[in-house]
């Protein structure tokens with residue numbers, strides 16, 4: 001499990017983002033930090049293990065507030081549930097496995113944000129590119145190769 005920092009640091013981050021500090025919010029932020037691109041169900045499950053009952057709606061609302069204040073980044077791979085991560089502000093991209101849905105960070109494709117330039121920006125001031133690379137993770141590739149050798 002990843003080091004999620006000291007609870008006092010998380011409380012200070014919530015306060016500096018203008019958010020009220022509650023046990024549920026601290027547990028939600030900790031779950032996202034300890035996890036790897038978790039969806040709302042996974043975050044809710046982890047928070048319930050730690051605190052007991054917390055509603056799905058409370059978790060969703062906290063994640064929305066965290067996203068709005070820049071504490072958390074929301075990603076939405078096509079055909080996959082919305083995921084949350086704490087790696088924010090660096091315009092990184094993602095690799096998504098077509099078979100198991102595993103999501104992995106990948107650094108900017110070229111240089112500084114937005115990393116890519118559109119052919120025609122239509123007058124927009126582009127400050128970010130959101131790229132999703134699709135393929136098969138090492139585990140699914142290995143399972144596929146092992147399955148084909150037994151046929």
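Coordinate-derived values only; no laboratory data. Because the structure is a prediction, the values reported are computed rather than measured. Please note: Cβ atoms are built from the backbone with ideal geometry, for glycine as well, and neighbour counts cover all protein chains shown.
Once the C-beta distance of residue 90 and residue 146 is scaled by a Förster radius of 25 Å, the resulting FRET efficiency is 0.10 to the nearest 0.05.
Annotation: the residues 64, 53, 92, sorted from fewest to most other C-beta atoms within 10 Å of their own C-beta, follow the order 53, 64, 92.
Across segment 89-149, the volume of the C-alpha convex hull divided among the residues equals 109 Å³ per residue. The Rg/Rh ratio of the chain, with Rg taken over Cα atoms and Rh as the Kirkwood radius over Cα pairs, comes to 1.04.
Computing FRET efficiency as 1/(1 + (r/R0)^6) for residue 108 and residue 68, where r is the C-beta to C-beta distance and R0 is 30 Å, gives about 0.80. Take the Cα of residue 116, step 7 Å toward its Cβ, do the same at residue 11, and the gap between the two points is 4.3 nm.
Fewest to most neighbouring Cβ within 10 Å: what's the order for 119, 103?
119, 103
How would you order 17-29, 122-134 from highest to lowest mean count of nearby Cβ atoms within 10 Å? Working shown, then result.
Numbers: 17-29: 17.5, 122-134: 10.5.
My ranking of the peptides, most packed first, is 17-29, 122-134.
Summed over qualifying helices (DSSP H, 4 residues or more, each -39500 (n - 2.57)) and divided by its residue number, the chain shows a 222 nm mean residue ellipticity of -12000 deg cm²/dmol.
Listing 142, 33 from the residue with the fewest other Cβ atoms within 10 Å to the one with the most, what is the order?
Numbers: 142 11, 33 20.
Exposure proxy ranking, most exposed first: 142, 33.
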